[in-house]
Amino acid sequence: MSAVEKLPDERLLIEAAQQDPARFADLYEQNFNRVYAYIARRVRDRDLAEELTAEIFRQALEHLPRFEWRGVPFAAWLLRMAANAVHDRWRSDAREGEPPDEDVPDPEIDRSIERQALLAKLVDSLPEEQRLVIVRRFVDQRSVREIAHELGRSEGAIKQLQFRALQSLKERVRK
């Protein structure tokens, strides 16, 4: 088994959770802080942020069987649901006469999420070893030496894979 095959793949975690809902806990653990922080920044009320975060994960678990992997991070799906939940809460509060929170909704954050999703899709389309080097280097923040050791390759080979991957990503972004 190669080092690439040993890596926990988000897609595999999703598929496992779709088969056995008890496996959803892994996805929850990976994404809870990001979803909670996103909501908390917008509602500025800890109790409400906790309530909405719990609701997002309840919905995610409920709709997980229909989730289709398209190369976009699972967090993007969760954050889209969170944005909708915050927006719905804001509209509900406005109908009830409560003053809206000034931060809701934030189109710049929506654009940022879309850019992150596009970048993740582009990274996923790279050849397997290039993708692994990019993820290890920039997501996991590993050194070239650590990646070389993990993959059983020279540091020069890892630098070359990183260079080719970045060049390929630049070309694809231009398109």
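See the values below:
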| read-out | value |
| --- | --- |
| Calculated FRET value between residue 87 and residue 171, using beta carbons and R₀ = 35 Å, to 0.05 | 0.45 |
| Quotient of C-alpha Rg and 2.2 N^0.38 Å, computed over the stretch 126-175 | 1.09 |
| Estimated inter-spin distance, residue 119 and residue 145, nm [label 7 Å along Cα→Cβ] | 2.7 nm |
| Cβ crowding within 10 Å averaged over residues, with 125-137, 162-174 ranked highest first | 125-137, 162-174 |
| ³J(HN,Hα) computed for each position of the stretch 73-90 - Karplus, 6.51 cos²θ - 1.76 cosθ + 1.60, integer Hz, glycine/proline x | x, 4, 4, 5, 5, 5, 5, 5, 4, 5, 4, 5, 5, 5, 5, 4, 5, 4 |
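Bear in mind that the values in this text are calculations on the coordinates, not laboratory data. Given the structure is predicted, the values throughout are model-derived calculations rather than measurements. As a convention, Cβ positions derive from the backbone with ideal geometry for all residues, glycine included, and neighbour counts pool all protein chains shown.
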